[in-house]
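We did not get these values from a lab; they are worked out from the coordinates using the rules stated. Source: prediction; values computed, not measured.
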Amino acid sequence: MKDLSLVPPSRASTILKHLWVKEKVWLFSAGLLAVLFILAPPFGITTARFAAQNLLNVAPFLALSVGIAASAGATGADGLIARAFTGSPAAMILIAAVVGGLSPFCSCGVIPLIAALLAMGVPLSAVMAFWLASPVMDPSMFVLTTGVLGIEFAIAKTIAALSLGIFGGFVVHALSRAGGLSDPLREGVGNGGCGGAKVRTAQPVVWKFWRDTARVQKFWRESIKSALFLAKWLTLAFILESLMLAWLPADLVARSLGGTGIIPIGIATLVGVPAYLNGYAALPLVGGLIGQGMAPGAGLAFLIAGGVSSLPAAIAVWALVKRQVFFLYLGLALVGSFSIGVLFQLWATL
């Protein structure tokens with residue numbers, strides 16, 4: 001980095017402005033850690049380790065999705081992949097929801113893959129179906145849910161994941177047909193924001209792209225660009241997650257979700273969206289609350305809402321897509337989670 005004391009004032013101002021505009025997320029994360037290290041060094045160390053460990057955990061998913069997206073661009077297969085998702089919208093939504101329910105992604109870990117899919121031009125309806133279903137359930141989560149909350153709750157959570165994905169996919173499809181939600185990605189994300197409604201002009205696919213210097217350069221350029229973009233937002237998300245886990249008392253959550261009826265389901269939905277709880281860590285808490293009289297519908301609503309859109313994941317989504325898509329995503333998570341909770345509660349009382 002340049003020594004700004006040796007740079008003319010006008011040039012130094014330009015450099016600082018460039019750093020703030022282009023790297024403000026990194027600067028904010030670094031500043032937040034610096035404040036923690038100064039005011040509470042042990043807590044700062046714990047937060048830094050937490051963020052680093054979670055980045056390490058998500059790194060395989062990050063590397064895989066970045067590699068897939070960059071390879072698709074370098075080979076010219078991105079348009080081919082996009083056209084593969086332009087068949088029957090209903091079939092694509094159903095398939096995406098099922099695949100999402102079987103994939104081992106958490107709400108933050110799914111973000112890199114979503115970025116790759118949208119950048120390749122996959123229709124937003126199919127992506128939303130995958131997006132909503134993926135963080136809620138996977139095979140290992142099913143087994144653990146069965147052990148903690150019982151087979152009926154695990155089956156209900158699986159059905160909820162698929163239903164939420166299908167519901168969100170068809171809502172997005174209807175809005176897209178009405179002329180909305182074009183170009184969902186923010187400017188500068190992926191390939192500049194290619195919407196799912198666009199089908200790219202057919203180009204020859206060069207699978208052995210490493211034999212072409214220009215394609216290899218494009219591969220590395222896109223890989224670095226995507227990796228840095230996703231890494232900076234995930235870093236901030238994990239730092240905030242650490243702060244929430246440390247400062248959000250577990251007993252406060254328990255008191256807020258106690259009781260029976262529809263109101264606790266609504267509270268569980270609203271609390272579940274911003275309050276980040278790892279899906280695996282949340283199961284024992286919900287199991288204990290249900291044992292103390294918490295409505296099963298409230299427990300399921302809390303798990304669904306928290307799994308789909310925790311605050312750290314929402315921040316990453318905000319950086320990824322345009323504002324209207326972001327609010328639609330949150331709205332689908334809220335309405336879907338609440339509705340699922342109410343239906344499960346009605347079924348449990350029969």
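Observations, loosely collected:
- For residue 321, the amide hydrogen comes within under 5 Å of the amide hydrogens of 186, counting only partners 5 or more places away or on other chains and with H modelled in the peptide plane.
- Given 208/322; 232/322; 218/322; 24/157, the pairs whose alpha carbons are separated by over 29 Å: 208/322; 24/157
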